[in-house]
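Chemist: Just dropping this structure here.
The values are calculated or read from the model by the stated rules, or taken from the named source; none is laboratory data. Since we're looking at a predicted model, the values are computed, not measured. Glycine gets a Cβ as well: all are built from the backbone with ideal geometry, and neighbour counts include every protein chain shown.
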């Protein structure tokens, strides 16, 4: 999908929902990023640590330590009945719509799978798709 094009309503809705949920869960995509200044003073953002040659004072941000849930945290079983599936779809669509309405910069994969920011047309199309899912599943 090219930037500025609305996503096809029948294709890849699960990818969009996954991206939205991950964006919401992460809060800010840069929270798990390394940020440092290179030899020319430019900021470098990466999911990998800087080279050993970068002095510690040039490292501006390290990723937050991973938080693992306690072992006794219950996991929710996958929905199996049509009513459970509708309720799950309803809850996920409502959560995704709330994220979409928020102030976060949301990313969508392009044709090559690279993340690109959602523009207003993409957000409008996604809001319409989520509202339809809510109408169909939230009874």
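Chemist: In region 103-118, how many are closer than 15 Å to residue 130 by Cβ and exposed (fewer than 11 other Cβ atoms within 10 Å of the Cβ)?
Modeler: Adding up the residues that qualify gives 0.
Chemist: Moving on to the next point. I need a count of the residues in region 115-139 that are more than 13 Å from residue 16 (Cα to Cα) and in a loop (DSSP other than H, G, I, E, B).
Modeler: Of the residues in region 115-139, 3 are more than 13 Å from residue 16 (Cα to Cα) and in a loop (DSSP other than H, G, I, E, B).
Chemist: Evaluate the following for residue 39: is it surrounded by 14 or more Cβ atoms within 10 Å (Cβ to Cβ), over 18 Å from the mean Cα position of the chain (by Cα) and free of Cβ contacts under 8 Å to residues at least 12 places away in the same chain?
Modeler: Taking the combined requirement at face value, the residue does not satisfy it.
Chemist: What are the residues in region 80-114 that are within 14 Å of residue 16 (Cα to Cα), touching a helix residue (DSSP H, G or I) at 6+ places or on another chain (Cβ under 8 Å) and not in a helix (DSSP H, G or I), if any?
Modeler: Those that are within 14 Å of residue 16 (Cα to Cα), touching a helix residue (DSSP H, G or I) at 6+ places or on another chain (Cβ under 8 Å) and not in a helix (DSSP H, G or I): 105, 106, 107, 108, 109.
Chemist: Just a yes or no: is a residue in region 59-67 at pLDDT 85 or above and assigned to a helix (DSSP H, G or I)?
Modeler: Looking through region 59-67, none of the residues is at pLDDT 85 or above and assigned to a helix (DSSP H, G or I).
Chemist: Conditions first: (1) touching a helix residue (DSSP H, G or I) at 6+ places or on another chain (Cβ under 7 Å); (2) assigned to a loop (DSSP other than H, G, I, E, B). Residue 49 passes all but one, so which condition is the exception?
Modeler: (1)
Chemist: Within region 47-58, track down each residue that is modelled with pLDDT of 85 or more and within 23 Å of the chain's Cα centre (by Cα).
Modeler: 48, 49
Chemist: Collect the residues in region 80-118 that are at pLDDT 90 or above and over 20 Å from residue 137 (Cα atoms), keeping them in residue-number order.
Modeler: Of everything in region 80-118, nothing turns out to be at pLDDT 90 or above and over 20 Å from residue 137 (Cα atoms).
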